[in-house]
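Right, one structure below, let's go through it.
The values are calculated or read from the model by the stated rules, or taken from the named source; none is laboratory data. Keep in mind that this is a model prediction, so the values were computed, not measured. With ideal geometry, Cβ positions are generated from the backbone for all residues, glycine too; neighbour counts draw on all protein chains shown. Each accessible area value is taken on the protein alone, full model and side chains, heavy atoms only, with ligands, DNA and RNA left out. Shrake-Rupley method; radii C 1.70, N 1.55, O 1.52, S 1.80 Å.
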Amino acid sequence: MLIKKPADIKSSEITPRELYLNRRQFMLSTSAAALAFTGVNFANPPAQAQSAGKLANVKKSNFSTSEKLNSLKEITNYNNFYELGTDKEDPAANAKYLTTRPWTVAVEGEVKKAKTYDIEELTKLAPLEERIYRLRCVEAWSMVIPWVGFPLSALVKLAEPTGNAKFIQFVTLHDPKRLPGQKIPTMEWPYVEGLRMDEAMHPLTILSVGLYGEVLPAQNGAPIRLVVPWKYGFKSIKSIVKVRFVDKQPAASWNMMQPQEYGFYSNVNPEVDHPRWTQATERRIGELRRRKTLMFNGYGEQVASLYSGMDLKKFY
Ligand SMILES: Nc1nc2c(c(=O)[nH]1)N[C@H]1C(S)=C(S)[C@@H](COP(=O)(O)O)O[C@H]1N2
Ligand SMILES: [Mo]
């Protein structure tokens, strides 16, 4: 892991990860916890890595954008998945550790039909669709990705939420053997995220099990991850094992870690700059010239009404 001192880097190079790790490194270097950085064992991957496979009967969706797709190579080699390493190329290199069978997802909390689903059953819950969405990272880069998945609303309806269910919290697998980045305290594990119930029910919100017509690669959040296209990428939590219906706004990892920088809502908003960089523009991976960032990542027509009457500078 490359950790530069703040004095060595130009502000134009600063990413949230580097700044966070600098701070973290500073804190850890004076404590016994510094050992955690050297004690990490990324050796001995499981003998058989997950085999990819084509997904059958995938319908095209008219929610898709017609923009030029990023390549499979770009989508699977430039990732944020801190549980598999903090550099963009780490998740691809460490994907082999994340075996995804057997896998279950527990649906629990304020629901009438709590149930633990096997991943095979979950994948067949609703017809699979290809959804070509823009993903806009809070670090000001973006990609266009052909996800395969189904609306989260299909799972919510089966769970029959009670009247107390106002939010949903999602939880990533916590298993340092399969997610070796969890041996390092870069964040508090497991990674968690949350949505308000109406955001969860919105037809654009999907659970994704694949991309480019194939089973989801580990580095993209196999076997199942959330995709919320009008929010910054970090809301789209990977490798989910728990879907918990709750009555209060739940904890969300980035919001917990640095609440002044990452709000619970995290809607893509070119008018609300991150405290340390602009959100007005972005770099599409594979392009040189920066693009203007669009309100709600271009999905305003579909989702702006969810936030009518809310001050989006306050609820960022
Ligand atoms: N569990 C988990 N989910 C995660 C992350 C992570 O580090 N851990 N990173 C998030 C961030 S910051 C982004 S931008 C997207 C990236 O998704 P992709 O690698 O499939 O493009 O995943 C999100 N989901
Ligand atoms: Mo991100």
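Before moving on, here are some points about what is shown:
- Flagged links, alpha-carbon separation over 25 Å, of 115/183; 292/313; 166/313: 115/183
- Per-residue SASA remark: residue 87, around 40 Å² accessible (1.4 Å probe; ligands, DNA and RNA not included).
- Packing here is the average count of other Cβ atoms within 10 Å per residue, and on that basis the peptides 213-221, 269-277, 160-168, highest first, run 213-221, 160-168, 269-277.
- Accessible area per residue, Å², the stretch 140-180 with all protein chains present, probe 1.4 Å: 30
- Accessible area of the stretch 180-286 belonging to carbon and sulfur atoms, whole % at 1.4 Å probe: 55
- Cross-link partners of residue 177 among lysines (Cα-Cα below 25 Å; sequence separation of 8 or more within a chain): 88, 96, 235, 238, 242
- Phi-derived couplings, Karplus 6.51 cos²θ - 1.76 cosθ + 1.60 at θ = phi - 60°, listed residue by residue for the stretch 262-270: 10, x, 5, 6, 6, 6, 4, 8, x Hz, with x used for Gly and Pro.
- Alpha carbon centroid spacing (whole Å) that separates the stretch 112-126 from the stretch 192-243: 15
- Net length gained if the chain between residue 113 and residue 277 were fully extended (0.36 nm per residue, minus Cα distance): 54.6 nm
- Cα gyration tensor category, rounded, prolate or oblate, for the stretch 63-194 with a/c compared to 1.5: oblate
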